[in-house]
Amino acid sequence: MPESYSVRRLDCPVDVYISIPGSKSITNRALILAALADGESTLVGVLDSQDTRVMIESLLRLGFKIEGDPSDGKLQVEGRGGAIPSSSADLYLENSGTSIRFLTALCALANGRFRLDGTNRMRQRPQGDLLAALQACGIDARSELGNGCPPIVLESNGALRGGCISVGADASSQFLSALLMVAPYAREDLTLQPSGTLRPFYVDLTLRMMDQWGVSARTENTLSQRYVVPSGQKYRAQPLYQIEPDASSASYFFAAAALTGGRVTIPGLTPASLQGDVRFATEVLSEIGCLVTETAEGLTVQGPVDGRLHGIQRDMSAISDTSLTLAAIAPFADSPTTVTNIAHTRLQECDRISAVCTELTKLGVRVEERPDGFTIYPAERIHPASINTYHDHRVAMSFALIGLRAEGIEIEDPECVGKTFPEYWARLEALA
């Protein structure tokens, strides 16, 4: 692609069905569960993206047999019943947070030494809470630079201890998900006690998928919530496991319906999705004035026919990936929009709060930045500008939406969307 992408303004409401590739969150979890299962699983609807390809490549380096091509959306994974074939590997995870966290926990089941690394940005993303939890389980897991960030060096004798373990959850719920998925193969029952602020919806996704693959966990509510996974369980191989469309990716096209007063249907997505981000449509867009319906074809969002979008105040901690999508809609609302409780997004692919506020200001939008979020005010006019995407796929995809309503929006480094949605620009052009 060119160094920048010029977004074409739309002069009429959209009215389209848009197919969305498979969920990244489900794809990467399914790959881990398939590797841990006993026997061959077939995954259908696999997302083909940078994040999923680094997961596949890493599992191959760990000795797992994977056949098929993710570009075809179908893979066969030969699970080893909780065993890790290789005794050593160097894994390079780009800037994929799910991959490095899930694979660090997976390597704890092995007998050997492993090193996990990534991009310069990945080397700034804290993993210390996961390392501390693994150390409490008897695993020698450490930051090579001593700062809690990658590179990670892990040495294990294949014996993951059980017991009651505290897991810090402020930086990411993925630490808890990573440990939950490997917990059935611990020597004893493993009880995980989250500390700090837990955003539970992705943990719920993990638990629901574990149940689909034959492993039960129970949630105990005493003084605080904790999760208990009995040892001795094994994941069952899945002859055919269908992966849902990605709800986070769908949010951009639902937002296009809101911005243009049009209608967008995403086949295969329902309000009962495993993914919490479907709530961006069913709750957030409903609140700002859209009509959201479920049909036989899928989930449909109809933008307000009078074009009036309402500003809202919303805690987006549970669906923080879509906070950027909401930020792209907010300048066109009739009142301010306030997003709260997303401080953890400062530690993701970029400092997303800072990125949103900096780039909206560049467009002439009034923004107030806070440690855990922002307030965006209605804009009388959007100034033409080139948007710095900070190598962050969600910044690129979200700010492109503004160009559907305003002239002169250029997106720098458009290829960064390949992290999760390589076909995004083609799908966006299909709206016309």
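The values are calculated or read from the model by the stated rules, or taken from the named source; none is laboratory data. As the structure is a prediction and not an experimental result, all values here were calculated from the model. Here the Cβ is made from the backbone with ideal geometry for all residues, glycine too, and neighbour counts use every protein chain on show.
Starting from region 266-282, take each residue that is assigned by TED's automatic domain parsing to the domain that holds V16 and over 18 Å from D321 (Cα atoms) and list its partners that are part of a loop (DSSP other than H, G, I, E, B) and of a type in the set (D, E, K, R), counting only C-beta distances under 8 angstrom and pairs at least six apart or across chains.
Within 8 Å, the pairs are P267/E297; G268/E244.
When both residues are 6+ apart or on different chains and their Cβ atoms are under 6 Å apart, which pairs have a first residue that lies in region 35-47 and is in contact (Cβ under 8 Å) with a residue 40 or more places away in the chain, and a second that is among the charged types (D, E, K, R) and part of a helix (DSSP H, G or I)?
L47/K24
Among residues belonging to region 102-123 that are closer than 18 Å to L160 by Cβ and part of a loop (DSSP other than H, G, I, E, B), point out the one that is farthest from the chain's Cα centre (by Cα).
A110
Applying the selection to region 25-71, what residues are of a type in the set (D, E, K, R) and more than 18 Å from the chain's Cα centre (by Cα)?
The answer is D38, E40, E57, R61, K65, E67, D69.
Would you point out which residue out of E407, E349, E380 is in contact (Cβ under 8 Å) with a residue 60 or more places away in the chain and surrounded by fewer than 19 Cβ atoms within 10 Å (Cβ to Cβ)?
E407 is the lone residue from the list that is in contact (Cβ under 8 Å) with a residue 60 or more places away in the chain and surrounded by fewer than 19 Cβ atoms within 10 Å (Cβ to Cβ).
Looking at S320, S335, can you tell me which residue is within 21 Å of C357 (Cα to Cα) and part of a helix (DSSP H, G or I)?
Criteria check complete, one pass: S320.
With the requirement that a residue be within 13 Å of A34 (Cβ to Cβ) and either surrounded by 14 or more Cβ atoms within 10 Å (Cβ to Cβ) or assigned by TED's automatic domain parsing to the domain that holds G82 (or both), what does region 216-239 give you?
Of everything in region 216-239, those that are within 13 Å of A34 (Cβ to Cβ) and either surrounded by 14 or more Cβ atoms within 10 Å (Cβ to Cβ) or assigned by TED's automatic domain parsing to the domain that holds G82 (or both) turn out to be K234, Y235, R236, A237, Q238.
Could you check region 104-120 and list, in sequence order, the residues that are of a type outside the set (F, W, Y), over 20 Å from P194 (Cα atoms) and crowded, with 16+ Cβ neighbours inside 10 Å?
Within region 104-120, C107, L109, A110, G112, R115, L116, D117, G118, T119 qualify.
Evaluate the following for I329: is it farther than 24 Å from P13 by Cα, crowded, with 23+ Cβ neighbours inside 10 Å, touching a residue at least 12 places away in the same chain (Cβ under 8 Å) and within 24 Å of the chain's Cα centre (by Cα)?
no
R263: surrounded by fewer than 23 Cβ atoms within 10 Å (Cβ to Cβ), in contact with a strand residue (DSSP E or B) (Cβ under 8 Å, 6 or more places away or on another chain) and under 30 Å from D11 (Cα atoms), yes or no?
Yes; evaluated as a whole, the condition is true for this residue.
With respect to the numbered conditions (1) farther than 19 Å from L106 by Cα; (2) assigned to a loop (DSSP other than H, G, I, E, B); (3) free of Cβ contacts under 8 Å to residues at least 60 places away in the same chain; (4) not aromatic (F, W, Y), which one is the sole condition not fulfilled by R199?
(3)
Looking at (1) modelled with pLDDT of 95 or more; (2) outside any strand (DSSP E or B), can you tell me which one P126 breaks?
(1)
Modelled with pLDDT under 95, within 30 Å of G289 (Cβ to Cβ) and among the hydroxyl-bearing types (S, T, Y) - does that describe any residue in region 202-218?
yes
Do we find a residue being touching a residue at least 24 places away in the same chain (Cβ under 8 Å), out of contact with any helix residue (DSSP H, G or I) (no Cβ under 9 Å at 6 or more places or on another chain) and more than 30 Å from L431 (Cα to Cα) anywhere in region 238-254?
Checking region 238-254: at least one residue is touching a residue at least 24 places away in the same chain (Cβ under 8 Å), out of contact with any helix residue (DSSP H, G or I) (no Cβ under 9 Å at 6 or more places or on another chain) and more than 30 Å from L431 (Cα to Cα).
Given the condition among the hydroxyl-bearing types (S, T, Y), assigned by TED's automatic domain parsing to the domain that holds S248 and under 16 Å from the mean Cα position of the chain (by Cα), answer yes or no: does some residue in region 379-401 qualify?
Yes, because at least one residue in region 379-401 is among the hydroxyl-bearing types (S, T, Y), assigned by TED's automatic domain parsing to the domain that holds S248 and under 16 Å from the mean Cα position of the chain (by Cα).
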